[in-house]
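Participant: Here it is, the structure, as structure tokens.
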Amino acid sequence: MRRRQARRTELKGAPLIEQTLRERIRRREIPIGAILPTERELQAEFGVSRSTVRRALSLLVQSGWAEASPNRGAIAQHGPVEAPTRNVAFIDHGSGMQRDLFFAIGSRLQTHGYHLVHVDSRLHGVEGAIEYAAGHGFAAALVWSKVGFPDAARIEPLMADMPLLALDHSLQTVSTDLVTLDNFGGSREAVRHLASLGCRRIAITGMMDMLEVNHQRFSGWLMGLFDSGLEPKARDICFCLTSSARLDADTLTLERRLKDPDRPDGLFVMNDFLLPDVLQAAAGAGLRVPEDLAVAVFGRTWRPETGLEDRVAVVEIDWDAVADAVVRRLLVRLARPLTPPETIRLPVRLVPAASSGPRAEGLALQGR
């Protein structure tokens, strides 16, 4: 009788041990890929027989949270995660959200049974928005961070149950999949294009902050000048925005530079949302675009009827291609959580201004 009761206790103990080990792996107390404690160590910790420990480890392997390795023991694995919902968070600032990308991704995810939900990082902060999504059982989160170096200590524990995919730029402190653009190559080609129009003093303006995409575009400006046999000048660096809760451009330095006797005859704008302010600064300096100042801009956020496409060259982004890449990578991450993080860099396309040279269909720039 006692033997049968002991046997029943042993059988109940195995699932409890398996659940405990699973939670330790899920919380990263036992790192993925680490060898689990030996049978003897588990016997001593839980006060059970070797057969109970072996049954618990067998259950852990069957559930996908461990892998049996001959002569080594059991190795911790990231088991399947069943999210409570089919919601995917799109984390971005509500005041400046990339709406085209949001709707493009949302329509594609619907065909796979997922629902894209905007979570405002302006209200919650990037870390708070990720915590909100994880706390509400979201299956995954797409993050367009507005923070240079988010708090990894708050984010990493949540990634065990909710995969993250970074958009446009990395989270820097946290290793995740990233879908971005060929920022360096696109900027380089834009500057080379301005030089091909005869520009010999090509300035740069836009937003400079901690995000690597802006550093990549700045480096592309430098390389484009070098390619064209031109020398960058410090006084031609006229940034008009940096990290701030407000997105008010300060174009005073740019306008003053455009009034100088040795003013630039070309201008590369790193961020498309600043183009209206830049064109206003050029007008304030008494310059016409493109007659007096040739302009190239990275991205396009204006409506076609404004006529800006006739006045400026554009490094154009294919947001449908970005959405396709995001959804493909997200589905891989959901199906295989242990897949190593990958950076997907998509090509961009230079479209010359109609009034500053022969109109072209567009030059494809391959991701590097």
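The values are calculated or read from the model by the stated rules, or taken from the named source; none is laboratory data. In this text the structure is predicted, and so the values were computed from the model without any measurement. So basically every Cβ, Gly included, is an ideal-geometry build from the backbone, and we count neighbours across all protein chains shown.
Participant: Would you please list the contacts, defined by Cβ atoms under 6 Å and residues six or more apart or on different chains, that run from a residue in the range 87-107 that is under 14 Å from SER145 (Cα atoms) to a residue that is assigned to a helix (DSSP H, G or I) and of a type in the set (Phe, Trp, Tyr)?
Facilitator: PHE90/PHE102
Participant: Quick one: in the range 146-193, of everything that is of a type in the set (A, V, I, L, M) and assigned to a strand (DSSP E or B), which residue is farthest from VAL297 (Cα to Cα)?
Facilitator: Filtering first and then ranking leaves LEU164.
Participant: Could I ask something else about it? Against the conditions (1) of a type in the set (A, V, I, L, M, F, W, C); (2) within 26 Å of ILE202 (Cα to Cα); (3) assigned to a helix (DSSP H, G or I), where does LEU334 fall short? Just the number, please.
Facilitator: Among (1) of a type in the set (A, V, I, L, M, F, W, C); (2) within 26 Å of ILE202 (Cα to Cα); (3) assigned to a helix (DSSP H, G or I), the lone unmet condition for LEU334 is (2).
Participant: Right, next: Would you be able to tell me the number of residues in the range 79-103 that are touching a Lys or Arg at 6+ places or on another chain (Cβ under 8 Å) and farther than 30 Å from PHE273 by Cα?
Facilitator: 1
Participant: Could you grab me the full set of residues in the range 211-246 that are loosely packed, with under 14 Cβ neighbours inside 10 Å and over 18 Å from ARG201 (Cα atoms)?
Facilitator: Correct list: THR242, SER243, SER244, ALA245, ARG246.
Participant: Please tell me if LEU334 is touching a Pro at 6+ places or on another chain (Cβ under 8 Å), more than 19 Å from HIS169 (Cβ to Cβ), surrounded by 16 or more Cβ atoms within 10 Å (Cβ to Cβ) and touching a residue at least 12 places away in the same chain (Cβ under 8 Å).
Facilitator: Yes, satisfied.
Participant: Report yes if SER51 is surrounded by fewer than 17 Cβ atoms within 10 Å (Cβ to Cβ) and at pLDDT 85 or above, otherwise no.
Facilitator: When the stated conditions are applied, SER51 passes them.
Participant: So which of PHE90, PHE102 ends up being buried (at least 17 other Cβ atoms within 10 Å of the Cβ), in contact with a helix residue (DSSP H, G or I) (Cβ under 7 Å, 6 or more places away or on another chain) and either within 28 Å of VAL326 (Cβ to Cβ) or among the small types (Gly, Ala, Ser) (or both)?
Facilitator: Criteria check complete, one pass: PHE90.
Participant: For the subset of the range 62-87 comprising residues that are surrounded by fewer than 17 Cβ atoms within 10 Å (Cβ to Cβ) and of a type in the set (A, V, I, L, M, F, W, C), which member is farthest from ALA141 (Cα to Cα)?
Facilitator: Taking the candidates together, the pick is ALA68.
Condition check ((1) part of a loop (DSSP other than H, G, I, E, B); (2) at positive phi; (3) assigned by TED's automatic domain parsing to the domain that holds PHE273; (4) small (Gly, Ala, Ser)) across all residues:
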residue: SER58; (1), (2), (3), (4): no, no, no, yes
residue: VAL61; (1), (2), (3), (4): no, no, no, no
residue: GLY64; (1), (2), (3), (4): yes, yes, no, yes
residue: ALA68; (1), (2), (3), (4): no, no, no, yes
residue: ILE91; (1), (2), (3), (4): no, no, no, no
residue: SER95; (1), (2), (3), (4): no, no, no, yes
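Participant: Same structure again: Counting just the residues of the range 154-169 that are modelled with pLDDT of 95 or more and within 11 Å of PRO341 (Cα to Cα), which one comes out nearest to the chain's Cα centre (by Cα)?
Facilitator: Across the range 154-169, the extreme among qualifying residues is ALA166.
Participant: May I ask you to list the residues in the range 311-363 that are among the charged types (D, E, K, R), more than 30 Å from LEU165 (Cβ to Cβ) and at pLDDT below 85?
Facilitator: Once the filter is applied, which keeps residues that are among the charged types (D, E, K, R), more than 30 Å from LEU165 (Cβ to Cβ) and at pLDDT below 85, the range 311-363 yields ARG359, GLU361.
Participant: Go through the range 92-145 residue by residue and tally those that are within 14 Å of the chain's Cα centre (by Cα), farther than 17 Å from HIS169 by Cα and at pLDDT below 95.
Facilitator: Here the count works out to 0.
Participant: Name the residues in the range 209-228 that are touching a residue at least 60 places away in the same chain (Cβ under 8 Å) and either in contact with a Ser or Thr (Cβ under 6 Å, 6 or more places away or on another chain) or part of a helix (DSSP H, G or I) (or both), would you?
Facilitator: If the condition is that a residue be touching a residue at least 60 places away in the same chain (Cβ under 8 Å) and either in contact with a Ser or Thr (Cβ under 6 Å, 6 or more places away or on another chain) or part of a helix (DSSP H, G or I) (or both), then ASP209, ARG217 are the ones that fit.
Participant: Applying the selection to the range 277-292, what residues are crowded, with 19+ Cβ neighbours inside 10 Å and within 17 Å of PRO261 (Cβ to Cβ)?
Facilitator: ALA282, LEU287
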